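Mind having a look at this structure? Questions to follow.
The values are calculated or read from the model by the stated rules, or taken from the named source; none is laboratory data. Everything quoted here is computed from the prediction, not taken from an experiment. Glycine gets a Cβ as well: all are built from the backbone with ideal geometry, and neighbour counts include every protein chain shown.
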Amino acid sequence: MKLFLQAIVKFLLGVVLVGVLIFLPAGTFSFFGGWLLMGILFIPMLLAGVVMLVKNPALLKGRLDAKEKQKEQSLVVKLSGLMFMVGFTVSGLGVRFDWYRLPEWVTYASAAVFLCAYALYAEVMRENTYLSRTVKVQEGQKVVDTGLYGIVRHPMYFATVLLFFSMPLVLGSLYGFLIFLAYPILIAVRIKHEEAFLEKELHGYAEYKQKVKHRLIPFVW
């Protein structure tokens, strides 16, 4: 029950925060892209939370723990939060002041990409039950090197890049998208520090790095 209440409170706070960041700058609730993003973001999130609560409460607990203890990772998280706030606000202001708006088909295509990325994210969580929102090593944790983890070392981050790039495009905002282009830089910094930590703390991770050469994008990086 405690875990359920914690999850519900964080979920509702997320809904309110994103809603405020989108619709308040827009100055209207008549913003189709905003409602579409809210729907494809929070409905799957709610369903995934229910599944984790029933099937794997430990995974849900790990996903709710967002407080980074490492200084470098904490900075990345804070900068990512700032990127979200500025990106969503600019996207909303674009509606209010009629800044350049992307064609309607971009909104629908980006929503499709977003849902595909969400499905990829769900598969990553299915494959790796040690996932948490903070960089740490859990008791009894082992290196996962099969499935998506046999292709790149950080498939979850690859999914988040697709998710975050899709968000401002669903909102129809080119300027918001330009702001979200900062995310790959932030995630590259996070990956660098995370891998240094895991190589030191997680048995077998150094060997895994030799086996799977690419971090985020196959044959690229």
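Has region 78-98 got at least one residue that is more than 15 Å from Phe164 (Cα to Cα), free of Cβ contacts under 8 Å to residues at least 40 places away in the same chain, of a type outside the set (A, V, I, L, M) and part of a helix (DSSP H, G or I)?
yes
Listed here are the residues, each with its yes/no results for (1) at pLDDT 95 or above; (2) of a type in the set (A, V, I, L, M); (3) out of contact with any Asp or Glu (no Cβ under 8 Å at 6 or more places or on another chain); (4) more than 21 Å from Ser74 (Cβ to Cβ).
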position: Tyr157; (1), (2), (3), (4): no, no, yes, no
position: Met167; (1), (2), (3), (4): yes, yes, yes, yes
position: Val170; (1), (2), (3), (4): yes, yes, yes, yes
position: Lys213; (1), (2), (3), (4): no, no, yes, yes
position: Ile217; (1), (2), (3), (4): no, yes, yes, yes
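A further question follows. If I ask for residues that are small (Gly, Ala, Ser) and surrounded by fewer than 18 Cβ atoms within 10 Å (Cβ to Cβ), which ones from region 161-215 would you list?
Ala182, Ala188, Ala196, Gly204, Ala206
Looking at region 87-101, can you tell me whether even one residue there is of a type in the set (Asp, Glu), closer than 21 Å to Leu21 by Cα and either surrounded by 15 or more Cβ atoms within 10 Å (Cβ to Cβ) or modelled with pLDDT of 75 or more (or both)?
yes
Which of the numbered conditions does Phe29 fail, given that it passes all the others? Conditions: (1) free of Cβ contacts under 8 Å to residues at least 24 places away in the same chain; (2) part of a helix (DSSP H, G or I); (3) among the hydrophobic types (A, V, I, L, M, F, W, C).
Failing condition for Phe29: (2).
Also: Go over the candidates Leu60, Leu36 one by one and state the one that is at pLDDT 95 or above, surrounded by 15 or more Cβ atoms within 10 Å (Cβ to Cβ), of a type in the set (A, V, I, L, M) and out of contact with any His (no Cβ under 8 Å at 6 or more places or on another chain).
Just a single option satisfies the conditions, and that option is Leu36.
Here is a further query. Might you check whether a residue that is out of contact with any helix residue (DSSP H, G or I) (no Cβ under 8 Å at 6 or more places or on another chain), modelled with pLDDT under 85 and either within 28 Å of Leu41 (Cα to Cα) or assigned to a helix (DSSP H, G or I) (or both) occurs anywhere in region 131-146?
yes
Hey, another quick one. Could you run through region 173-201 and say how many residues are touching a residue at least 40 places away in the same chain (Cβ under 8 Å) and over 30 Å from Ala26 (Cα atoms)?
Counting residues in region 173-201 that are touching a residue at least 40 places away in the same chain (Cβ under 8 Å) and over 30 Å from Ala26 (Cα atoms) gives 8.
Something else now. For the condition at pLDDT 80 or above, β-branched (Val, Ile, Thr) and surrounded by fewer than 14 Cβ atoms within 10 Å (Cβ to Cβ), what is the one hit in Val76, Val15, Val9?
Val9
Same structure, new question: Please note which helices (runs of 4 or more DSSP H) are completely contained in region 148-221 and include at least 1 residues that are over 27 Å from Phe84 (Cβ atoms).
Counting at least 1 such residues, we get 183-201, 205-211.
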